[in-house]
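The values are calculated or read from the model by the stated rules, or taken from the named source; none is laboratory data. Please read all numbers here as calculations on a predicted model, not as lab measurements. Don't worry about glycine lacking a Cβ; one is built from the backbone with ideal geometry, like all the others, and counts go over all protein chains shown. Side chains are part of the model used for accessible areas, which takes the heavy atoms of the whole protein and leaves out ligands, DNA and RNA. Shrake-Rupley method; radii C 1.70, N 1.55, O 1.52, S 1.80 Å.
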Amino acid sequence: MTLPDEFLWGVSTSAFQIEGAFTEDGRGRSVWDEFSPVVDDDTAEIACDHYHRYADDITLMKDLGVGAYRFSIAWPRVQPTGKGPANSAGLDFYDRLVDGLVEAGIDPVATLYHWDTPQVLEDEGGWLGRDITGRFAEYAALVADRLADRVKLWIPINEPVVVTLSGYAIGEHAPGKSLLFGSLPAAHHLNLAHGLAVEALRANGANAVGTANNHSPAWPATDSPEDRFAAGFYDTIHNWLFADPQLTGAYPEEAAPFLPIVDGDLEKIAAPLDFYGVNYYNPTRLKATTEGEPLPFERIDIDEYPKTSFGWPVVPEGLTEMLTTLKDRYGDRLPPVYITESGCSYPEDLADQARIDYLDSHLSAARAAGVRGYFVWSIMDNFEWDSGYSQRFGLVHVDYKTQERTPRDSYRWYRDVIAGDN
Ligand code: GBH
(Lines give C-alpha, C1' and ligand atoms only; values in the text may rest on other atoms or scores of the structure.)
Protein backbone atom coordinates (compact mmCIF):
# COMPACT_ATOMS: atom_id res chain seq x y z
CA MET A 1 0.00 0.00 0.00
CA THR A 2 1.01 3.58 -0.50
CA LEU A 3 -0.33 6.67 1.22
CA PRO A 4 0.32 9.86 -0.70
CA ASP A 5 3.55 11.47 0.62
CA GLU A 6 2.29 15.03 0.57
CA PHE A 7 -0.32 16.60 2.89
CA LEU A 8 -3.63 15.72 1.29
CA TRP A 9 -5.88 18.72 0.71
CA GLY A 10 -9.38 17.46 0.10
CA VAL A 11 -13.11 17.97 0.00
CA SER A 12 -15.87 15.46 0.87
CA THR A 13 -19.40 14.61 -0.24
CA SER A 14 -21.68 11.57 -0.21
CA ALA A 15 -23.74 9.99 -2.96
CA PHE A 16 -27.23 10.41 -1.53
CA GLN A 17 -26.62 14.03 -0.57
CA ILE A 18 -25.59 15.24 -4.04
CA GLU A 19 -26.37 12.83 -6.87
CA GLY A 20 -30.14 12.94 -7.39
CA ALA A 21 -31.14 10.67 -10.34
CA PHE A 22 -33.05 8.24 -8.12
CA THR A 23 -34.26 6.00 -10.93
CA GLU A 24 -31.53 6.40 -13.50
CA ASP A 25 -29.49 3.50 -14.92
CA GLY A 26 -31.25 0.91 -12.80
CA ARG A 27 -30.65 2.38 -9.32
CA GLY A 28 -32.62 0.56 -6.62
CA ARG A 29 -34.42 2.19 -3.69
CA SER A 30 -32.52 3.07 -0.54
CA VAL A 31 -33.76 3.53 3.02
CA TRP A 32 -33.32 7.27 2.68
CA ASP A 33 -35.50 7.58 -0.45
CA GLU A 34 -38.71 7.70 1.52
CA PHE A 35 -37.59 8.63 4.99
CA SER A 36 -40.20 11.10 6.19
CA PRO A 37 -38.99 13.17 9.16
CA VAL A 38 -37.18 15.57 6.82
CA VAL A 39 -37.89 19.32 7.15
CA ASP A 40 -40.07 21.07 4.54
CA ASP A 41 -40.78 17.72 2.84
CA ASP A 42 -37.44 18.10 1.08
CA THR A 43 -36.32 15.04 -0.85
CA ALA A 44 -32.98 14.23 -2.47
CA GLU A 45 -34.55 13.22 -5.76
CA ILE A 46 -32.59 15.92 -7.57
CA ALA A 47 -30.30 17.23 -4.82
CA CYS A 48 -27.31 18.83 -6.60
CA ASP A 49 -27.97 16.84 -9.79
CA HIS A 50 -24.35 15.77 -9.51
CA TYR A 51 -25.14 12.56 -11.41
CA HIS A 52 -25.40 14.72 -14.53
CA ARG A 53 -23.14 17.59 -13.54
CA TYR A 54 -20.16 15.67 -12.15
CA ALA A 55 -17.84 16.98 -14.87
CA ASP A 56 -18.55 20.61 -13.88
CA ASP A 57 -18.06 19.67 -10.25
CA ILE A 58 -14.67 18.14 -11.04
CA THR A 59 -13.71 21.41 -12.73
CA LEU A 60 -14.68 23.31 -9.57
CA MET A 61 -12.41 21.02 -7.56
CA LYS A 62 -9.59 21.29 -10.03
CA ASP A 63 -9.75 25.10 -9.88
CA LEU A 64 -9.80 24.85 -6.09
CA GLY A 65 -6.52 22.95 -6.29
CA VAL A 66 -7.43 20.01 -4.05
CA GLY A 67 -5.33 16.87 -4.30
CA ALA A 68 -8.12 14.51 -3.27
CA TYR A 69 -11.89 14.14 -3.47
CA ARG A 70 -13.77 11.92 -1.02
CA PHE A 71 -17.10 10.73 -2.46
CA SER A 72 -19.31 7.75 -1.73
CA ILE A 73 -20.61 5.01 -3.96
CA ALA A 74 -24.34 4.29 -3.77
CA TRP A 75 -24.80 0.60 -2.98
CA PRO A 76 -28.27 0.63 -4.65
CA ARG A 77 -26.71 1.78 -7.92
CA VAL A 78 -24.23 -1.09 -7.91
CA GLN A 79 -26.63 -3.73 -6.54
CA PRO A 80 -30.21 -2.43 -6.79
CA THR A 81 -31.46 -5.09 -4.36
CA GLY A 82 -28.27 -5.32 -2.34
CA LYS A 83 -27.33 -8.67 -3.79
CA GLY A 84 -26.41 -10.44 -6.99
CA PRO A 85 -24.23 -9.39 -9.89
CA ALA A 86 -23.16 -5.79 -10.42
CA ASN A 87 -25.43 -3.45 -12.33
CA SER A 88 -22.77 -2.28 -14.74
CA ALA A 89 -24.65 0.89 -15.73
CA GLY A 90 -24.47 1.95 -12.07
CA LEU A 91 -20.75 1.21 -11.83
CA ASP A 92 -20.17 3.06 -15.11
CA PHE A 93 -21.08 6.33 -13.41
CA TYR A 94 -18.31 5.92 -10.82
CA ASP A 95 -15.95 4.76 -13.53
CA ARG A 96 -16.52 8.05 -15.39
CA LEU A 97 -16.21 10.05 -12.18
CA VAL A 98 -12.93 8.37 -11.23
CA ASP A 99 -11.51 8.81 -14.73
CA GLY A 100 -12.44 12.49 -14.64
CA LEU A 101 -10.75 12.95 -11.28
CA VAL A 102 -7.56 11.21 -12.35
CA GLU A 103 -7.46 13.32 -15.48
CA ALA A 104 -7.81 16.45 -13.32
CA GLY A 105 -4.93 15.30 -11.11
CA ILE A 106 -7.21 14.62 -8.12
CA ASP A 107 -6.85 11.42 -6.06
CA PRO A 108 -10.18 9.55 -5.80
CA VAL A 109 -11.05 8.59 -2.19
CA ALA A 110 -14.05 6.25 -2.19
CA THR A 111 -16.45 5.47 0.66
CA LEU A 112 -18.51 2.33 0.06
CA TYR A 113 -21.38 3.08 2.41
CA HIS A 114 -22.60 6.51 3.45
CA TRP A 115 -25.97 5.44 4.90
CA ASP A 116 -27.96 4.55 1.75
CA THR A 117 -28.77 0.90 2.51
CA PRO A 118 -30.64 -0.89 -0.30
CA GLN A 119 -34.28 -1.02 0.84
CA VAL A 120 -34.53 -4.74 0.11
CA LEU A 121 -31.77 -5.47 2.61
CA GLU A 122 -33.41 -3.23 5.20
CA ASP A 123 -36.65 -5.16 4.75
CA GLU A 124 -34.68 -8.29 5.61
CA GLY A 125 -33.43 -6.77 8.89
CA GLY A 126 -30.79 -4.31 7.74
CA TRP A 127 -27.87 -3.82 10.13
CA LEU A 128 -29.72 -5.60 12.93
CA GLY A 129 -29.13 -8.92 11.17
CA ARG A 130 -25.87 -10.68 10.35
CA ASP A 131 -26.66 -11.49 6.73
CA ILE A 132 -25.91 -7.95 5.54
CA THR A 133 -22.25 -8.25 6.58
CA GLY A 134 -21.49 -10.90 3.94
CA ARG A 135 -23.54 -8.98 1.40
CA PHE A 136 -21.47 -5.90 2.09
CA ALA A 137 -18.23 -7.81 1.50
CA GLU A 138 -19.56 -9.03 -1.87
CA TYR A 139 -20.49 -5.48 -2.80
CA ALA A 140 -17.02 -4.26 -1.77
CA ALA A 141 -15.44 -6.86 -4.04
CA LEU A 142 -17.58 -5.82 -7.01
CA VAL A 143 -16.65 -2.17 -6.61
CA ALA A 144 -12.94 -2.84 -6.08
CA ASP A 145 -12.87 -5.10 -9.11
CA ARG A 146 -13.92 -2.12 -11.21
CA LEU A 147 -12.17 0.81 -9.51
CA ALA A 148 -9.18 -0.44 -7.48
CA ASP A 149 -6.73 0.42 -10.23
CA ARG A 150 -7.47 4.15 -9.76
CA VAL A 151 -8.91 4.79 -6.28
CA LYS A 152 -6.15 5.91 -3.88
CA LEU A 153 -7.87 5.53 -0.50
CA TRP A 154 -10.85 3.38 0.48
CA ILE A 155 -13.27 3.83 3.36
CA PRO A 156 -15.75 0.99 3.88
CA ILE A 157 -18.27 2.68 6.20
CA ASN A 158 -18.98 6.31 7.07
CA GLU A 159 -19.72 7.03 10.75
CA PRO A 160 -21.15 3.71 11.93
CA VAL A 161 -22.00 5.40 15.22
CA VAL A 162 -24.48 7.72 13.51
CA VAL A 163 -26.14 4.79 11.72
CA THR A 164 -26.48 2.97 15.05
CA LEU A 165 -27.60 5.89 17.22
CA SER A 166 -29.56 8.13 14.85
CA GLY A 167 -30.86 5.32 12.60
CA TYR A 168 -31.63 2.46 15.01
CA ALA A 169 -31.53 3.84 18.59
CA ILE A 170 -33.46 7.11 18.38
CA GLY A 171 -34.91 7.05 14.85
CA GLU A 172 -33.96 10.55 13.67
CA HIS A 173 -32.39 9.04 10.57
CA ALA A 174 -33.46 6.26 8.23
CA PRO A 175 -34.48 3.55 8.86
CA GLY A 176 -36.17 5.44 11.70
CA LYS A 177 -36.09 2.81 14.42
CA SER A 178 -36.19 3.76 18.09
CA LEU A 179 -34.77 0.63 19.66
CA LEU A 180 -32.52 2.28 22.24
CA PHE A 181 -30.25 -0.48 23.58
CA GLY A 182 -31.82 -2.84 21.07
CA SER A 183 -29.83 -0.97 18.41
CA LEU A 184 -26.50 -2.36 19.62
CA PRO A 185 -26.48 -5.44 17.36
CA ALA A 186 -26.31 -2.97 14.46
CA ALA A 187 -23.04 -1.64 15.88
CA HIS A 188 -21.49 -5.10 15.85
CA HIS A 189 -22.69 -5.86 12.33
CA LEU A 190 -21.37 -2.52 11.07
CA ASN A 191 -18.00 -3.38 12.63
CA LEU A 192 -18.01 -6.85 11.12
CA ALA A 193 -19.01 -5.49 7.71
CA HIS A 194 -16.13 -3.01 7.98
CA GLY A 195 -13.62 -5.81 8.69
CA LEU A 196 -14.95 -8.10 5.95
CA ALA A 197 -14.88 -5.23 3.46
CA VAL A 198 -11.28 -4.36 4.35
CA GLU A 199 -10.36 -7.93 3.46
CA ALA A 200 -12.47 -7.98 0.28
CA LEU A 201 -11.06 -4.66 -0.89
CA ARG A 202 -7.49 -5.83 -0.39
CA ALA A 203 -8.17 -9.16 -2.09
CA ASN A 204 -9.36 -7.18 -5.10
CA GLY A 205 -6.37 -4.89 -5.38
CA ALA A 206 -7.22 -1.89 -3.16
CA ASN A 207 -4.32 0.47 -2.53
CA ALA A 208 -4.98 1.74 1.02
CA VAL A 209 -7.94 1.17 3.32
CA GLY A 210 -9.08 3.10 6.40
CA THR A 211 -12.10 4.54 8.22
CA ALA A 212 -14.26 7.65 8.56
CA ASN A 213 -15.33 7.42 12.19
CA ASN A 214 -17.12 10.32 13.87
CA HIS A 215 -15.45 11.46 17.07
CA SER A 216 -16.65 13.95 19.63
CA PRO A 217 -15.09 14.69 23.04
CA ALA A 218 -17.66 13.85 25.72
CA TRP A 219 -17.77 16.59 28.32
CA PRO A 220 -19.63 16.10 31.63
CA ALA A 221 -22.01 18.97 32.46
CA THR A 222 -20.61 19.14 36.01
CA ASP A 223 -18.05 17.31 38.09
CA SER A 224 -20.70 15.24 39.83
CA PRO A 225 -20.23 11.46 39.69
CA GLU A 226 -23.62 11.19 37.95
CA ASP A 227 -22.72 13.57 35.13
CA ARG A 228 -19.29 11.99 34.80
CA PHE A 229 -20.93 8.59 34.48
CA ALA A 230 -23.27 9.95 31.78
CA ALA A 231 -20.34 11.42 29.84
CA GLY A 232 -18.31 8.22 30.22
CA PHE A 233 -21.21 6.17 28.97
CA TYR A 234 -21.64 8.38 25.91
CA ASP A 235 -17.88 8.36 25.32
CA THR A 236 -17.87 4.56 25.22
CA ILE A 237 -20.73 4.33 22.75
CA HIS A 238 -19.83 7.29 20.57
CA ASN A 239 -16.04 7.17 20.50
CA TRP A 240 -14.89 3.66 21.37
CA LEU A 241 -17.52 1.14 20.26
CA PHE A 242 -16.09 1.21 16.74
CA ALA A 243 -12.52 2.46 17.12
CA ASP A 244 -11.57 -0.05 19.88
CA PRO A 245 -12.45 -3.27 18.04
CA GLN A 246 -11.19 -1.89 14.72
CA LEU A 247 -7.80 -0.87 16.14
CA THR A 248 -7.28 -3.31 19.02
CA GLY A 249 -9.56 -6.29 18.38
CA ALA A 250 -11.45 -5.82 21.67
CA TYR A 251 -14.71 -4.09 22.59
CA PRO A 252 -15.05 -1.79 25.58
CA GLU A 253 -15.88 -4.21 28.41
CA GLU A 254 -19.23 -2.61 29.28
CA ALA A 255 -20.52 -2.96 25.73
CA ALA A 256 -19.56 -6.55 24.94
CA PRO A 257 -22.54 -8.23 26.70
CA PHE A 258 -24.99 -6.42 24.39
CA LEU A 259 -23.33 -7.54 21.17
CA PRO A 260 -24.05 -10.69 19.12
CA ILE A 261 -20.37 -11.64 18.78
CA VAL A 262 -19.52 -14.94 17.10
CA ASP A 263 -16.12 -16.60 17.56
CA GLY A 264 -13.63 -15.16 15.11
CA ASP A 265 -15.48 -11.87 14.55
CA LEU A 266 -13.03 -9.69 16.45
CA GLU A 267 -10.06 -10.89 14.40
CA LYS A 268 -11.96 -9.93 11.26
CA ILE A 269 -13.00 -6.53 12.62
CA ALA A 270 -9.39 -5.75 13.52
CA ALA A 271 -8.06 -6.23 9.96
CA PRO A 272 -5.01 -3.92 9.75
CA LEU A 273 -5.70 -0.42 8.43
CA ASP A 274 -3.47 1.88 6.40
CA PHE A 275 -4.97 5.05 7.79
CA TYR A 276 -7.49 6.19 10.37
CA GLY A 277 -10.08 8.72 9.16
CA VAL A 278 -11.65 11.06 11.73
CA ASN A 279 -14.82 13.08 11.07
CA TYR A 280 -14.98 15.92 13.59
CA TYR A 281 -17.62 18.61 14.06
CA ASN A 282 -17.94 19.48 17.76
CA PRO A 283 -17.69 18.21 21.34
CA THR A 284 -20.77 16.94 23.17
CA ARG A 285 -21.87 17.92 26.68
CA LEU A 286 -23.70 15.28 28.71
CA LYS A 287 -25.69 15.27 31.88
CA ALA A 288 -27.21 12.48 33.91
CA THR A 289 -30.86 11.55 33.46
CA THR A 290 -33.17 10.49 36.25
CA GLU A 291 -33.81 6.83 36.84
CA GLY A 292 -36.44 5.33 34.61
CA GLU A 293 -35.50 7.47 31.58
CA PRO A 294 -34.78 5.45 28.47
CA LEU A 295 -31.13 6.53 28.09
CA PRO A 296 -28.53 7.11 30.84
CA PHE A 297 -27.37 10.42 29.34
CA GLU A 298 -28.85 13.61 27.95
CA ARG A 299 -27.05 15.84 25.43
CA ILE A 300 -27.19 19.50 26.44
CA ASP A 301 -26.11 22.69 24.67
CA ILE A 302 -22.59 24.04 24.91
CA ASP A 303 -23.24 27.75 25.19
CA GLU A 304 -19.88 29.37 25.87
CA TYR A 305 -18.66 29.10 22.26
CA PRO A 306 -19.96 30.60 19.02
CA LYS A 307 -22.45 28.39 17.18
CA THR A 308 -23.01 27.39 13.57
CA SER A 309 -26.44 27.64 11.90
CA PHE A 310 -27.12 24.14 13.13
CA GLY A 311 -26.49 25.35 16.69
CA TRP A 312 -23.34 23.26 16.92
CA PRO A 313 -20.58 24.84 19.03
CA VAL A 314 -17.39 25.94 17.27
CA VAL A 315 -14.59 24.36 19.33
CA PRO A 316 -11.30 23.78 17.51
CA GLU A 317 -9.71 22.77 20.85
CA GLY A 318 -12.14 19.85 20.78
CA LEU A 319 -10.36 18.54 17.71
CA THR A 320 -6.98 18.91 19.42
CA GLU A 321 -8.37 17.09 22.47
CA MET A 322 -9.81 14.29 20.35
CA LEU A 323 -6.62 13.72 18.36
CA THR A 324 -4.55 13.70 21.56
CA THR A 325 -6.94 11.21 23.16
CA LEU A 326 -6.71 8.93 20.13
CA LYS A 327 -2.90 8.99 20.25
CA ASP A 328 -2.87 8.31 24.00
CA ARG A 329 -5.40 5.53 23.78
CA TYR A 330 -3.92 3.62 20.85
CA GLY A 331 -0.23 4.58 20.74
CA ASP A 332 1.53 2.71 17.94
CA ARG A 333 -1.69 1.00 16.96
CA LEU A 334 -3.07 4.25 15.58
CA PRO A 335 -2.32 4.41 11.84
CA PRO A 336 -1.64 7.77 10.13
CA VAL A 337 -4.67 10.02 10.62
CA TYR A 338 -6.67 11.96 8.04
CA ILE A 339 -9.45 14.35 8.91
CA THR A 340 -11.99 12.83 6.53
CA GLU A 341 -14.69 15.43 7.33
CA SER A 342 -14.60 18.87 8.93
CA GLY A 343 -16.95 21.74 8.26
CA CYS A 344 -19.91 23.84 9.32
CA SER A 345 -23.28 25.15 8.16
CA TYR A 346 -23.89 28.89 7.91
CA PRO A 347 -26.50 31.09 6.21
CA GLU A 348 -26.79 31.17 2.46
CA ASP A 349 -24.46 34.17 1.98
CA LEU A 350 -21.54 34.09 -0.39
CA ALA A 351 -19.53 36.19 2.06
CA ASP A 352 -18.93 33.52 4.70
CA GLN A 353 -16.22 34.77 7.01
CA ALA A 354 -17.59 32.56 9.81
CA ARG A 355 -16.92 29.47 7.68
CA ILE A 356 -13.40 30.71 6.91
CA ASP A 357 -12.77 31.19 10.65
CA TYR A 358 -14.13 27.72 11.41
CA LEU A 359 -12.01 26.02 8.77
CA ASP A 360 -8.91 28.06 9.56
CA SER A 361 -8.98 27.20 13.26
CA HIS A 362 -9.78 23.52 12.75
CA LEU A 363 -7.18 23.15 10.03
CA SER A 364 -4.55 24.64 12.34
CA ALA A 365 -5.54 22.26 15.12
CA ALA A 366 -5.36 19.30 12.73
CA ARG A 367 -1.98 20.27 11.30
CA ALA A 368 -0.52 20.92 14.76
CA ALA A 369 -1.54 17.37 15.71
CA GLY A 370 0.31 15.93 12.73
CA VAL A 371 -2.54 14.64 10.58
CA ARG A 372 -1.76 13.62 6.98
CA GLY A 373 -4.62 15.41 5.29
CA TYR A 374 -7.82 17.40 5.72
CA PHE A 375 -11.11 17.02 3.85
CA VAL A 376 -13.59 19.90 4.07
CA TRP A 377 -17.24 18.95 4.38
CA SER A 378 -18.34 19.96 1.83
CA ILE A 379 -17.34 21.19 -1.62
CA MET A 380 -20.93 22.36 -2.15
CA ASP A 381 -24.23 22.83 -0.34
CA ASN A 382 -26.18 19.58 -0.33
CA PHE A 383 -29.03 17.53 1.12
CA GLU A 384 -28.46 17.48 4.87
CA TRP A 385 -30.33 14.28 5.87
CA ASP A 386 -33.17 15.00 8.34
CA SER A 387 -32.58 18.75 7.85
CA GLY A 388 -33.08 18.67 4.09
CA TYR A 389 -31.80 21.79 2.31
CA SER A 390 -32.00 24.01 5.40
CA GLN A 391 -28.32 23.62 6.36
CA ARG A 392 -25.61 24.76 3.97
CA PHE A 393 -22.11 23.32 4.41
CA GLY A 394 -20.62 24.25 1.02
CA LEU A 395 -17.51 26.11 -0.07
CA VAL A 396 -19.71 26.54 -3.13
CA HIS A 397 -23.28 27.83 -3.00
CA VAL A 398 -25.91 25.81 -4.84
CA ASP A 399 -29.10 27.39 -6.15
CA TYR A 400 -31.45 24.40 -6.00
CA LYS A 401 -33.84 25.92 -8.55
CA THR A 402 -31.30 26.47 -11.30
CA GLN A 403 -28.48 24.19 -10.08
CA GLU A 404 -26.15 27.12 -10.50
CA ARG A 405 -22.93 26.76 -8.48
CA THR A 406 -21.31 29.93 -7.08
CA PRO A 407 -18.05 29.78 -5.14
CA ARG A 408 -18.13 31.50 -1.76
CA ASP A 409 -15.36 33.52 -0.14
CA SER A 410 -14.40 30.35 1.74
CA TYR A 411 -13.71 28.61 -1.59
CA ARG A 412 -11.24 31.32 -2.55
CA TRP A 413 -9.73 31.24 0.94
CA TYR A 414 -9.21 27.45 0.77
CA ARG A 415 -7.75 27.77 -2.75
CA ASP A 416 -5.20 30.30 -1.49
CA VAL A 417 -4.30 28.17 1.54
CA ILE A 418 -3.69 25.17 -0.71
CA ALA A 419 -1.74 27.20 -3.23
CA GLY A 420 0.40 28.68 -0.44
CA ASP A 421 1.30 25.20 0.79
CA ASN A 422 2.58 23.93 -2.55
C1 GBH B 1 -21.61 13.99 9.04
O2 GBH B 1 -22.26 13.53 10.17
C3 GBH B 1 -22.04 13.19 7.86
O4 GBH B 1 -21.06 12.22 7.53
C5 GBH B 1 -22.40 14.00 6.66
O6 GBH B 1 -23.11 13.21 5.77
C7 GBH B 1 -23.19 15.22 7.09
O8 GBH B 1 -23.69 15.95 6.02
C9 GBH B 1 -22.29 16.08 7.90
O10 GBH B 1 -21.73 15.36 8.97
C11 GBH B 1 -22.97 17.32 8.48
O12 GBH B 1 -23.96 16.96 9.37
O13 GBH B 1 -26.44 18.29 18.48
O14 GBH B 1 -24.56 19.67 19.05
O15 GBH B 1 -24.66 17.40 19.84
C16 GBH B 1 -22.18 14.37 11.29
C17 GBH B 1 -22.53 13.68 12.57
C18 GBH B 1 -23.66 13.80 14.57
C19 GBH B 1 -22.26 15.62 13.98
C20 GBH B 1 -24.48 14.68 15.46
C21 GBH B 1 -23.00 16.53 14.94
C22 GBH B 1 -24.65 16.54 16.76
C23 GBH B 1 -24.14 17.83 17.34
N24 GBH B 1 -23.13 14.57 13.50
N25 GBH B 1 -23.68 15.79 15.98
S26 GBH B 1 -25.00 18.33 18.79
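Counting Lys and Arg as +1 and Asp and Glu as -1, each charge on the Cβ, what is the dipole of the chain about the Cα centre in debye, to the nearest 20? Provide the component values of the computation, followed by the final result.
On the way: 33 positive and 66 negative charges, 172 e Å.
Around 820 debye, computed over the chain.
When a/c is below 1.5 the answer is rounded, else prolate if a/b is larger than b/c, else oblate, so apply that to the range 1-123 with a ≥ b ≥ c taken from the square roots of the Cα gyration tensor eigenvalues. The partial results should precede the final answer.
Working: a/c = 1.94, a/b = 1.57, b/c = 1.24.
It is prolate, given that a/c is not under 1.5 and a/b is the larger ratio.
Could you sort Lys62, Lys401 by their accessible area in this structure, using a 1.4 Å probe and putting the largest first?
Numbers: Lys62 115, Lys401 190 Å².
In descending accessible area the options line up as Lys401, Lys62.
Sketch the reach of a paramagnetic label on Leu350 as a point 7 Å from Cα along Cα-to-Cβ, and name the residues of the range 385-419 whose backbone nitrogen lies under 11 Å away.
Inside the label zone: 397, 405-409.
Residues with amide H under 5 Å of Trp219's amide H, sequence separation 5 or more or different chain, H placed in the peptide plane at 1.01 Å from N; which?
Thr284, Arg285, Leu286
Go through Thr289, Ser378, Ala68 and say which Cα lies farthest out towards the positive end of the charge dipole of the chain; charges sit on Cβ, +1 for Lys and Arg, -1 for Asp and Glu.
Ala68
Using the structure shown, select from Lys307/Lys401; Lys152/Lys268; Lys83/Lys177; Lys62/Lys152; Lys307/Lys327 the pairs with a Cα to Cα distance greater than 26 angstrom. Don't jump to the answer; show the numbers that get you there.
Numbers: Lys307/Lys401 28 Å; Lys152/Lys268 23 Å; Lys83/Lys177 23 Å; Lys62/Lys152 17 Å; Lys307/Lys327 28 Å.
Violating the 26 Å Cα-Cα cut-off are Lys307/Lys401; Lys307/Lys327.
Give me the distance between the Cα centres of the range 336-350 and the range 171-196, rounded to whole Å.
Taking the Cα centre of each part, the range 336-350 and the range 171-196 sit 25 Å apart.
Can you tell me how the range 278-422 classifies by the Cα gyration tensor, rounded, prolate or oblate, using a/c under 1.5 as the rounded cut?
Numbers: a/c = 2.15, a/b = 1.21, b/c = 1.79.
Oblate, since a/c reaches 1.5 and b/c is not below a/b.
Take Asp95, Asp332, Asp123 and sort them by solvent-accessible surface of the protein heavy atoms, 1.4 Å probe, largest at the top.
Details: Asp95 35, Asp332 160, Asp123 115 Å².
From most exposed to least exposed: Asp332, Asp123, Asp95.
Mind listing which GluC sites (Glu not before Pro) in the range 116-217 are in a DSSP loop and have 16 or fewer other Cβ atoms within 10 Å? Walk me through the intermediate numbers first.
Working: sites: Glu122, Glu124, Glu138, Glu172, Glu199; in loops: Glu124, Glu172.
Taking the range 116-217 and a limit of 16 other Cβ atoms within 10 Å, the loop GluC sites (Glu not before Pro) found are Glu124, Glu172.
Would you mind checking the range 84-127 for residues with the amide N under 11 Å from a putative spin-label position 7 Å along Cα→C-beta of Asp145?
Taking a point 7 Å out along Cα→Cβ of Asp145, the residues of the range 84-127 whose backbone N falls under 11 Å are 84-88.
Rounded, prolate or oblate for the chain? Axes are the square roots of the Cα gyration tensor eigenvalues, ordered a ≥ b ≥ c, and the cut-off for rounded is a/c under 1.5.
On the way: a/c = 1.31, a/b = 1.10, b/c = 1.19.
It comes out rounded by the Cα gyration axes.
What distance in nm separates the simple spin-label points at Lys327 and Asp303, each placed 7 Å from Cα in the Cβ direction?
Once both label points are built, they end up 3.5 nm from each other.
Only bridges with both residues in the chain count here: give the DSSP antiparallel percent, nearest 5. Mind dumping the intermediate values first?
Working: 9 of 43 bridges.
Once the DSSP bridges in the chain are tallied, antiparallel ones form about 20 percent.
In whole Å, how far is the Cα centre of the range 1-52 from that of the range 66-86?
Value for the Cα centre distance between the two parts: 10 Å.
Let me have the relative contact order for the range 239-337, percent, based on Cα pairs under 8 Å that are six or more residues apart. Please list the in-between numbers first.
Working: 89 pairs, mean separation 26.4, N = 99.
Worked out over the range 239-337, it gives 27 percent.
Report in % the part of the accessible area of the chain that belongs to carbon and sulfur, leaving out ligands and nucleic acids; probe 1.4 Å.
Details: 7750 of 15570 Å².
The nonpolar share, carbon plus sulfur, comes to 50 percent.
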